[in-house]
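**Q** Below you'll find the structure I mean.
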């Protein structure tokens, strides 16, 4: 099990995002043993009439940064903002790549990071539709790469699927100015075999005309912060268990 090493007091321990650092700062971190990098996957897809298209990317980037700080001596790659989102194809603004394309990007990026000196690369997705791509990538990446196929379950929130209470609350905590008023609940039935068949064949709009799987009413920044904290802690724990 990988120990939870304390941050190096001689380095800037607040900024963990690669895109905000200079190359000498990254070099110093590598020399000081910052040997882990997290790669968050997001998406650009509809999230109902009240959340922005970049919801998954915003959440993924934030979870990665919080998890990296919990792990200690870990950095965060920029979030990959395009994912496999074909189930949202009937909503304007959604962008999507094939599962194989996403898997190829993940595989190439992980190899690049390993070759640049990072011992351990951790990949996870804030968009559930990327799971198949992660399965494909997980089968061929190096053994030092940790691929988390799903976000850990946490005993906070509603556990709804898409643009409901949980994601709306997290966006209220992260970017409240980007959240529009939620007018009504979306599809709140069971996501059973019948519902999944509709989602995977006809798409989300056939099941939820406004694109919401859950009920965003009652969302709050306080709940969102609790969810972000719980998920980041669970991601860090999952990494330690597999290190």
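The values are calculated or read from the model by the stated rules, or taken from the named source; none is laboratory data. Keep in mind it's a predicted model, so treat the numbers as computed, not measured. Methodologically, a virtual Cβ is constructed for each residue, glycine included, from the backbone with ideal geometry; neighbour enumeration extends over all protein chains shown.
**Q** Any residue in the range 1-29 that's at pLDDT 50 or above: show its pairings with residues that are loosely packed, with under 12 Cβ neighbours inside 10 Å at Cβ separation under 6 Å, as long as the two are six or more apart or on different chains.
**A** Pairs that qualify, where the first residue is at pLDDT 50 or above and the partner is loosely packed, with under 12 Cβ neighbours inside 10 Å: there are none.
**Q** Okay, moving on. Tell me yes or no: at least one residue of the range 79-93 is surrounded by fewer than 19 Cβ atoms within 10 Å (Cβ to Cβ) and closer than 25 Å to residue 27 by Cβ.
**A** Looking through the range 79-93, none of the residues is surrounded by fewer than 19 Cβ atoms within 10 Å (Cβ to Cβ) and closer than 25 Å to residue 27 by Cβ.
**Q** Another question, then. Looking only at the range 30-63, count every residue that is free of Cβ contacts under 8 Å to residues at least 60 places away in the same chain and crowded, with 19+ Cβ neighbours inside 10 Å and tell me the total.
**A** 5
**Q** Could I ask something else about it? If you take just the helices (runs of 4 or more DSSP H) that sit entirely in the range 132-243, which of them hold at least 3 residues that are surrounded by fewer than 18 Cβ atoms within 10 Å (Cβ to Cβ)?
**A** 193-201, 221-242
**Q** Another question about this same structure. For the range 174-219, how many residues meet the condition of being under 20 Å from the mean Cα position of the chain (by Cα) and either free of Cβ contacts under 8 Å to residues at least 40 places away in the same chain or more than 20 Å from residue 45 (Cα to Cα) (or both)?
**A** Residues meeting the conditions: 1.
**Q** So residue 168 clears everything in (1) within 18 Å of residue 42 (Cβ to Cβ); (2) in contact with a helix residue (DSSP H, G or I) (Cβ under 7 Å, 6 or more places away or on another chain) except one condition, right? Which one?
**A** Of everything listed in (1) within 18 Å of residue 42 (Cβ to Cβ); (2) in contact with a helix residue (DSSP H, G or I) (Cβ under 7 Å, 6 or more places away or on another chain), residue 168 misses just condition (2).
**Q** Show me the helices (runs of 4 or more DSSP H) found entirely inside the range 22-117 where at least 3 residues are under 19 Å from the mean Cα position of the chain (by Cα).
**A** Once the helices (runs of 4 or more DSSP H) in the range 22-117 are filtered for at least 3 residues that are under 19 Å from the mean Cα position of the chain (by Cα), what remains is 55-71, 99-115.
**Q** Can you find even one residue in the range 60-69 that is out of contact with any strand residue (DSSP E or B) (no Cβ under 7 Å at 6 or more places or on another chain) and under 19 Å from residue 179 (Cα atoms)? Don't jump to the end; show me each part of the working.
**A** Going residue by residue through the range 60-69, those that are out of contact with any strand residue (DSSP E or B) (no Cβ under 7 Å at 6 or more places or on another chain) are 62, 66, 69.
Applying the additional criterion that residues be under 19 Å from residue 179 (Cα atoms) yields 62.
So far as the range 60-69 goes, yes, one or more of its residues are out of contact with any strand residue (DSSP E or B) (no Cβ under 7 Å at 6 or more places or on another chain) and under 19 Å from residue 179 (Cα atoms).
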